[in-house]
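Take a look at the structure below.
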Amino acid sequence: MHPDLIDIGFLHLKTYGACMAVGFFVCSWLVERLSGRKDISGLLMLLAILGIAGARCAYVIENWQTQFAADPWQILRVDRGGLVFYGGLIAAIAGYFAWCIVKRESFTALSDHMCTVVPLGHAFGRIGCFFFGCCYGRRSECALAVHFPVHSPAWYAQLEAGEIAPDAPHALGVLPTQLVEAAALLAIFALLAVLYARLKSRRGFLTGLYLALYALVRFGIEYLRGDPRAEVGPLSIAQTISVCMFALGAFFIFRAARRARVESL
């Protein structure tokens, strides 16, 4: 855990924010290279802003009673962490859909390019989560377990639960779910990158494949998470969204496959 990348008085840079910035610029560069378009920098910046806003709104809604009801001004303290990826993804998709309507472009005109590289940018974000200490996993003493230091999110949660004493130098061992998810995202990116040249002509297929694969990964990761999770019946909110996301991904895949069959006749 290393939340502060640079802290020299007048310059304070969070590692989490730096990881997100690197992920955004790398993804923006790759999308422009893959699409061959130089007129989408404004769109990508808009989607980044909407993504951050949506991720923050989802986190605030999920944790309103416990963190923000008594002090709503804390909503603005994004520097302290508190983003939900699915909230950002939903906001970005809505913004992209609106952009397509205004520009009269097909939804899949750019979505395959963007969805191919989104897992890479998301992996940077999850690495930032690890440095910040959020999104930690369940208690574990296995070989992969990590012990976050004093005053980390895991340390505070275990202190509140009575699992550790106030003078504990670090939290009890937890699974590094941030790194597990980052590794899975890199694997998804590698697969999509390999398939890109072969399947980019099947518009919508890579979009659907990304949505379906990440939905499966996130659904499984949720069982390993140890931080507070809001629930919808037997599932967490993220798992519920994952089910919907998988269905949407399957729709794009079948639609692209059907279009390919029709064109081959």
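The values are calculated or read from the model by the stated rules, or taken from the named source; none is laboratory data. Owing to the predicted nature of the structure, the values given are computational and were not obtained by experimental measurement. Glycine also receives a Cβ, built like all others from the backbone with ideal geometry; neighbour counts cover every protein chain displayed.
Looking at this structure, is residue 193 touching a residue at least 40 places away in the same chain (Cβ under 8 Å) and in contact with a Lys or Arg (Cβ under 7 Å, 6 or more places away or on another chain)?
No; evaluated as a whole, the condition is false for this residue.
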For segment 202-220, give me each residue that is within 13 Å of residue 187 (Cβ to Cβ) and β-branched (Val, Ile, Thr).
217
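Return a yes/no flag: does segment 210-230 have any residue that is under 25 Å from residue 114 (Cβ atoms) and without any contact (Cβ under 8 Å) to a residue 24 or more places away in the chain. Talk me through it step by step, then tell me what you get.
Narrowing segment 210-230 to residues under 25 Å from residue 114 (Cβ atoms): 210-222.
After this cut, where a residue has to be without any contact (Cβ under 8 Å) to a residue 24 or more places away in the chain as well, the list is 220, 222.
Among the residues of segment 210-230, at least one is under 25 Å from residue 114 (Cβ atoms) and without any contact (Cβ under 8 Å) to a residue 24 or more places away in the chain, which makes the answer yes.
Only one of 213, 195, 159 is crowded, with 16+ Cβ neighbours inside 10 Å and in the same structural domain as residue 94 (by TED's automatic domain parsing); which? Walk me through how you get there before you give the answer.
On the way: 195 fails: crowded, with 16+ Cβ neighbours inside 10 Å; 159 fails: in the same structural domain as residue 94 (by TED's automatic domain parsing).
Among 213, 195, 159, only 213 is crowded, with 16+ Cβ neighbours inside 10 Å and in the same structural domain as residue 94 (by TED's automatic domain parsing).
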Can you find a residue in segment 225-237 that is in a helix (DSSP H, G or I) and polar (S, T, N, Q)?
no
Every residue from segment 48-101 that is touching a helix residue (DSSP H, G or I) at 6+ places or on another chain (Cβ under 7 Å) and either outside any helix (DSSP H, G or I) or outside the structural domain of residue 244 (by TED's automatic domain parsing) (or both):
81, 82, 83, 84
Go through segment 9-29 and give me each residue that's closer than 23 Å to residue 130 by Cβ, in a helix (DSSP H, G or I) and either free of Cβ contacts under 8 Å to residues at least 12 places away in the same chain or of a type in the set (A, V, I, L, M) (or both).
18, 20, 21, 22, 25, 26
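Within segment 235-255, which residues are among the hydroxyl-bearing types (Ser, Thr, Tyr) and touching a Lys or Arg at 6+ places or on another chain (Cβ under 8 Å)? So that I can check it myself, show each step before the final result.
We begin by selecting, within segment 235-255, every residue among the hydroxyl-bearing types (Ser, Thr, Tyr); these are 236, 240, 242.
Result: 236, 242.
For segment 241-265, how many residues are of a type in the set (S, T, N, Q) and modelled with pLDDT under 95? It would help to see each step written out before you state the result.
Restricting attention to segment 241-265, the residues satisfying the condition of being of a type in the set (S, T, N, Q) are 242, 264.
After this cut, where a residue has to be modelled with pLDDT under 95 as well, the list is 264.
Number of matching residues: 1.
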Checking residue 105 against (1) of a type outside the set (Ser, Thr, Tyr); (2) assigned by TED's automatic domain parsing to the domain that holds residue 34; (3) part of a helix (DSSP H, G or I), which single condition isn't satisfied?
(3)
Only one of (1) touching a Lys or Arg at 6+ places or on another chain (Cβ under 9 Å); (2) buried (at least 19 other Cβ atoms within 10 Å of the Cβ); (3) aliphatic (A, V, I, L, M) is not met by residue 89, so which one is it?
(1)
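Being among the polar types (S, T, N, Q) and under 30 Å from residue 251 (Cβ atoms) is the filter; apply it to segment 101-146 and report the residue that is nearest to the chain's Cα centre (by Cα). Spell out how you get there, then give the answer.
As a first pass, look at segment 101-146 and keep what is among the polar types (S, T, N, Q): 106, 108, 111, 116, 140.
Applying the additional criterion that residues be under 30 Å from residue 251 (Cβ atoms) yields 106, 108, 111, 116.
Values: 106: 25, 108: 21, 111: 17, 116: 14 Å.
Of everything passing the filter in segment 101-146, 116 is nearest to the chain's Cα centre (by Cα).
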